[in-house]
Structures are given as structure tokens and as C-alpha cells.
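Presented below is the structure to which this report refers.
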Amino acid sequence: MPDITLDHISKTYNKNTLLALDDISFEVNKGELFGLIGPDGAGKTSLFRILTTLLLPDKGFATVNGFDVVKNYKSIRGIIGYMPGKFSLYQDLTVEENLKFFATVFKTTVEKNYDLIRDIYLQIEPFKKRRAGQLSGGMKQKLALCCALIHKPEVLFLDEPTTGVDAVSRREFWEMLKSLQKENITILVSTAYMDEATLCDRIGLIQSGKMLSVDTPENVLKAYPENLFAIKSKNVHKLLTDLRNFENTLQCYASGEYLHLSFKTENGNSQNEVVVFLKEKGHDEIEMKMCKPSIEDCFIRLLAS
Amino acid sequence: MRIMKFVLQKEFRQIFRDKTLLKMIFIMPIVQLLVLPMAANFTVKNINLSIVDHDHSSYSQKFISKIFSSGYFKLAGDNPSFLESYVLIENDKADIILEIPEGFERNLTRENGQKLFIAVNAINGVKALVGSGYLNSIIMDYNNDIRSQLLQPTTFNLMPTIEVVSSNWFNPNLTYYIFMVPGILVMLITLVGGNMTALNIVKEKEIGTIEQINVTPLKKYQFLLGKLIPFWIIGMIIFSIGLMIARFAYGIIPIGNIGLMYAFLAVYLFTILGFGLLISTYAETQQQAQSLAFFFLMIFNLMGGLFTPIDSMPEWAQWITRLIPISYFINVMRMVVLKGSAFSDIQYHLLIVFVMGIILNGWAVINYKKTS
């Protein structure tokens, strides 16, 4: 049974002039780790705010754990954990006081659900007398996660939890999410980092309020329609402009030290044609090879279609 | 109940950890109560008077020395001509010019009358008004002196005169701070109550903690009560400190019932906290809240009858003051402290402030929505 359902959800701001979410429908299953992937301003936070009952949708309807986000918002508030993108615990209260406070407003105690947060809390316990405002970024994230988990929620909403966190802490964070999944908690997480997508069970690619694709990361990768080539030469900048002017180029963009290139129509000779074209343009040390698309490539491909 | 206890505990912790806020709440009112009533004094002294004496007679000398012995005036210049004195007014060195014409003594004794010329610099209206008033009464007084000297004392006064002697009730010496201190205390309560509440709630909005609170099962009223109760208590404490200062620094002992004052304060705080709450629902940042609160509190303080009597305001302004809660409390404080008014005297004030409280709080609660 799906734990979160969205049915044609739309949301506009500024008196219907700014479309934030455009007819979004998808489902998240119980115990699933679902990633919402998209750049800044794609509508991820609006979607989270609707699901956490902080924002009313203009159209459509959504449920969390079987409860309607508009009609049964009170029931939802008791069973979800929400970690907003911005650190929003009390900076002038200590680690311990924050945890205790949130346990109390959820009508429970720290002791009751300590098992769930123990692994995370042990890492910040040495600082429990420290004020939350004086913690490092990674520590703050851990504390926020503890506070969101303290009432053993059915569904956990994490809005860009790893933004602004260093690479090591990010990996740790995702390991924590994986272990929480074992407790059968449904997790909806958003991120702008494409590389984190593969860590999710399923992902939804979102851009300008539209859902581009919802599938497992493997299927999203498999669904990449063309062959993708990595290409480089001595003058990468000129290479990019030249390739974009090439008549058979579908998409060409920078990715690391290489350019990624796909063709409109491909036959066995396409690769050679490009090389000939580039040599005519005066490029040398041309290196070209086929490569596997990443989630980022899939995302860019979906934007084009 | 357990939740309420925790919410309050959290609020008090936050207030007591904010050292700047603590200073603002407790030290500032004390300093203001000690400084403001002394400085904000309407008794005009040091009026700069420039004399142009064309007569140089013993009468004019006596007249001048009488003026300066009053203690209100300072000699700004003794000039032979009006034009030279006028320069002093232009340079803001003199407030009033008194010109004594030639033949002052002669005309007074022979022709039974003489005119004096007074020119007042009205740029500072209060000083001009009060200063010329003082000067006039000194001239009148001097006039009477001369009359009694020149006229033969008779058993009966030939000309009937009306002499007005007034006695000031409730504040016999018209001591300025006696009626300022209770008023300033009210102003401070209003500032702390209205401003701090608004800032405190908006702070939660600004740093985003309200998002986190809103997704919890914490009820709307629990959150708001948690915000209001601490400031209600703090208002009570400041008021008590203020009464203590009034007593020990100014010797003001309320004639009326102190319990009655606290009862009114309890209701007044409810109203003014509602005002703060309302502001917080309209402001998104602390800066906005501060500006909004400043705008209203400025009007409250200037129109609430603290510095200028409401009765002397134009009709439309008086109507506005009726919408200002502070004006009722200042009135009640002065009535209870100076006059010893009882409950029956202030019951309408109480009722009006209470109704205002209901309206402000109701409006704020409706406007404060958990879901947007």
C-alpha cells in the first residue's frame, strides 16, 4: 500500500502568476526511500510543505499514511517527522533541551524512543550541554534528524538535508537513512546532488514544478534513449561551440574534463563524421569514447524532450 | 498541562539566556524611570530676557530687579536700543525682549499709566508661552505694589478688585514628577509588553523554528499562551519595580488601592500583549515588527496623554486617543495614585481596555494561521 500519494497536485504563488507545482502525481510505498531530485527552485520545498500540511495545494489532493493533507492535517502532524532545509531548531537551547522539548510536544519522552535515535545521538552526545547554535553543520543535521525522529514517525520528510554538508558527513547521513529504512520508516528526501540519487530506492526527477520521471535509479539510467559519447580535445571551449553547431548534434554539454555528446540520428558512421568535422575546424588531440549515462545525463536529456 | 509546562520552561529559558533582552527588559526601565521624570520637566526656567531700558529711573531699576529676583529669568543683554536686542533674538540668545519706554516713572506717577513693550521669540512655543506668562504676572504684581504706594491707604478699597487664589488639589505643589512617574511607568510597560512580544514571535518566524513547531501536534493556543504568559509575568515584575522606584526615589505613595492597580495592570497587559501578537502576525522579520511597533507605540506615547493633556487636543485627536489603550491606563494610574480613586471610578476604563484586549487578541488569533 502506498504511504504517500499525490494526485494532480498544483500550486501557484503570487496570485496565480508563479507556477510552483504543475500537476504532480506519484506514490511512495511504505518503507521506501524516495528521492526527489531537482535543481534549486524546481518546487521541491513547495511539495514538502504541502505534504507536511504547512501549505495548501491549489488543485489536486494528497495523502500521507492514509490521511488527507488538507482535511486530516492534525492526524498527519502526529505521525510525521519533518526536517526543513534551513536549520530550524532553537539555537539558544542546548542539544539536550531541544530534544526534550520536541519529545514533549509530540507527547512522548526521549527514553521511550531512544533506540531509534541512539546511533545518531551517540555522535552528538558529547556536546549535549552545548547550545544548538554553536554546533558544526554536520552536528546540526544530526540533531535535527534526532528531533525529527524522536516520536518514531511513520513518515520522514527531509528537505535537502545534505546541502552545505561536507562529503564525509553526507555519506554518513545517507548511511543513517539506510539504517532508518530498516525500521520500516518511509523516507522522502530531496536533494540537488545528482550523485545521491543512486542511493535511493526510487527517484523522482523534478524541474520547474513538473515531474519529469519517476522510477528506480537503474530504470532511469536504462531509459536513456541514445548512445552517449564523451569527447575532448586540446581546446575544450572551442570544441563545445563547434559541436553545438554540428548538424547531427542533439545535446552537447560539459561534464568534468569531457564533453558529453549525443546524436540526433545515429548510424555506424556518426562518430567518424564528427571527428572529420572537428579536424576540418582545426581541432587536434581529439579523444572520443562511448560512456555510460549518469543520473545527471538522464536529467539533462529529460529537460530536452 | 505537561506540554504547557515545557513550553513555558522553554520560553523562560530563552528569555533568560538572551542577555541583551534581559538588560532591555529590566535595566532600561529602571534607568528611564530615574532619568525621564527629572528631565522631562515642563517647569520653564532660564528664560533669557533682554532689557531695553530707556528710562534709567529708580522705578525701572526696581522693576528690573524684581523680575530677576523671581529666579525664572536670566539677563541676556542690557541694550540701549530695541534693534540691538533684536539681534540677540535672531541669534537665539534671547527669548524675550522687554522694552521700558522713556518717562516710565514720570508717566506712572503723574498720568496714572504707562505701556511696556514685550517681544517674545515664539520658535520654542512652550518657553515663549510660559515665559511671557511669568513676565506678565510679575508686571501685575509690580503694578499692585506701586498702586499701594501711591494711593492713600484707606480703610476701604475705593475700587473693588477680584483676587484669585487657587489651590492645587492632589498635587499641591504641582510637582511635575508626581504625575509624570505613574505615566512613564505605563509607557514602559507598554513598550516592553508590546514590542517584546511582537519581536519574540517574529523571531521564531524569521529563524524558521515556527515551521518545525507547526508540524508538531502542539496546539495554536498552547504556542501563543507560551509566548504571552512570560511577558505578562515580566510586565508585572517591571510594574512592581517601578512602584518601588516611585516610592523610594520620588516618595510617591499611591493613595488608592494597590490591588486595584494590579488588577487593572493584569487586564491592560492582556490587551497590550494582544497588540504585540497582532503585529507579529503581520510582520515577517524582526525589523518589520520593530518598525510597525515603533510607529504605533510612538503614537500611543505622544497621544496617550502622557506629555500633553488630552483635553487640550482638537476634537478629532481626542477621538483617536479613545482608541489608544495607554490613555486609559495613564488616566487610571494618575487617578488611583494621586486621587485614591476606587473601583467604581475606573470600572468603565477597565471595561473598555478589556474589550480592546478581546478585539486585539481575537484579531491576532484569527490572523495567525497555522496553515497558509
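I need to check one value: relative contact order of chain A, counting alpha carbon pairs closer than 8 Å and at least 6 residues apart, in percent.
In percent, rounded to a whole number, it is 20.
Averaged across B:251-263, how many Cβ atoms of other chains sit within 10 Å of each residue's Cβ atom? Intermediate values should be presented prior to the final figure.
On the way: counts 0, 0, 0, 0, 0, 0, 0, 0, 0, 0, 0, 0, 0.
Per residue, the average neighbour count from other chains is 0.
Could you tell me how far the Cα centroid of the range A:117-192 sits from the Cα centroid of the range B:268-289, in Å?
Going from one Cα centre to the other spans 34 Å.
Under the rule of at least 5 residues apart or a separate chain, name every residue whose amide H is placed under 5 Å from the amide H of A:A20.
Answer set, sorted by chain and number: A:K11, A:T12, A:Y13.
How many angstrom lie between the Cα centre of the range A:10-54 and the Cα centre of the range B:315-364?
Distance between centres, Cα-based: 50 Å.
Chain B: longest stretch without exposed GluC sites (Glu not before Pro) (DSSP loop, at most 13 other Cβ within 10 Å), sites themselves excluded?
Numbers: sites that count: B:E102, B:E111, B:E163, B:E284.
Value returned for the longest uninterrupted segment is B:164-283.
For a quick size check, give me the Cα extents of the protein assembly as shown along its three principal axes, largest first, whole Å.
Each principal axis gives a Cα extent; for the protein assembly as shown these are 138, 68, 46 Å.
With 10 angstrom as the radius, rank A:C252, A:C298 by how many other C-beta atoms surround their C-beta, starting from the fewest. Write down the numbers at each step before the final one.
Values: A:C252 20, A:C298 26.
Ascending Cβ contact count within 10 Å gives the list A:C252, A:C298.
How big is the shadow of the Cα convex hull of the range A:228-304, averaged over all directions, in nm²?
Averaging across all directions leaves 4.8 nm² for the Cα convex hull.
How are the alpha carbon pair distances in chain A distributed across 10 Å bins from zero to the largest one, expressed in percent?
Pairs per bin, as whole percents: 6, 24, 27, 21, 13, 7, 2, 0.
Which log10 I(q)/I(0) values, to two decimals, does chain B give at q = 0.12, 0.13, 0.14 Å⁻¹ under the Debye formula with one point per Cα?
Scattering profile of chain B, log10 relative to I(0): -0.95, -1.04, -1.14.
Would you mind checking the tilt of helix B:176-190 against the longest principal axis of the Cα atoms of chain B, expressed as 0 to 90 degrees and rounded to 10?
Approximately 20 degrees, to the nearest ten.
Give the distance, in whole Å, between the Cα centre of the range A:67-90 and the Cα centre of the range A:230-267.
Using only Cα atoms, the two centres lie 46 Å from each other.
Using a Förster radius of 41 Å, what is the FRET efficiency between A:S75 and B:S344 based on their Cβ-Cβ separation? Nearest 0.05, please. The partial results should precede the final answer.
Details: r = 52 Å, r/R0 = 1.27.
In this case the efficiency is close to 0.20.
Compute the signed sum of charges (Lys and Arg +1, Asp and Glu -1) over the other residues within less than 12 Å, Cβ to Cβ, of B:L225.
The answer is +3.
Work out the FRET efficiency for B:W316 and A:V236 from their Cβ-Cβ distance, taking R0 = 56 Å, and round it to the nearest 0.05.
Efficiency for this residue pair is about 0.15.
At B:M140 and B:M298, where each label point lies 7 Å from the Cα along Cα→Cβ, what is the point-to-point distance in nanometres?
In this crude spin-label approximation the distance works out to 4.0 nm.
Per the Kirkwood definition applied to all pairs of different Cα atoms, how many angstroms is the hydrodynamic radius of the range B:47-150? All intermediate terms of the calculation are to be shown ahead of the outcome.
On the way: mean 1/r = 0.0719 Å⁻¹.
Over the range B:47-150, the inverse of the mean reciprocal pair distance is 13.9 Å.
Which part of the range B:211-241 falls in the paramagnetic zone of B:M28, meaning amide N under 12 Å from the point 7 Å along Cα-to-beta-carbon?
Output list for this probe position: empty.
Between B:V181, B:V44, B:V87, which gets the highest mean-square fluctuation from a Gaussian network model of chain B, Cα cutoff 10 Å?
B:V87
Which whole number gives the average, over all residues in B:211-224, of C-beta atoms from other chains lying within 10 Å of the residue C-beta?
For this peptide, the per-residue mean of nearby foreign Cβ atoms is 6.
What angle do you read, to the nearest 10 degrees and between 0 and 90, between the alpha-carbon axis of helix B:125-150 and the longest principal axis of chain B?
30 degrees
What angle do you read, to the nearest 10 degrees and between 0 and 90, between the alpha-carbon axis of helix B:2-17 and the longest principal axis of chain B?
50 degrees
Using the number of other C-beta atoms within 10 angstrom as an exposure proxy, rank B:W232, B:W363 with the fewest first.
Values: B:W232 18, B:W363 15.
If I rank by nearby Cβ atoms, fewest first, I get B:W363, B:W232.
Based on the Cβ-Cβ distance of B:L323 and B:I162, what FRET efficiency does E = 1/(1 + (r/R0)^6) give at R0 = 56 Å, to the nearest 0.05?
0.85
Which of the chymotrypsin sites (Phe, Trp or Tyr not before Pro) found in the range B:17-112 are loop residues per DSSP with 12 or fewer other Cβ atoms within 10 Å of their Cβ?
Sparse-neighbourhood loop chymotrypsin sites (Phe, Trp or Tyr not before Pro): B:F42.
How much length is gained if the chain between A:S305 and A:Q181 is pulled fully straight, taking 0.36 nm per residue apart and subtracting their Cα-Cα distance, in nm to one decimal?
The span from A:S305 to A:Q181 would gain 41.2 nm if fully extended.
Alpha carbons only, please: Rg and Dmax for the range B:4-54, in angstrom.
Both quantities, over Cα of the range B:4-54: 23.3, 82 Å.
Based solely on its DSSP helices, what 222 nm [θ] is calculated for chain B when runs of n ≥ 4 H residues each add -39,500 (n - 2.57) and the sum is averaged over all residues, nearest 500 deg cm²/dmol?
Calculated mean residue ellipticity at 222 nm is -20500 deg cm²/dmol.
No value in this document is a laboratory result; all are computed from the given coordinates. Since the structure is predicted, the reported quantities are computational estimates derived from the model, not experimental observations. Don't worry about glycine lacking a Cβ; one is built from the backbone with ideal geometry, like all the others, and counts go over all protein chains shown.
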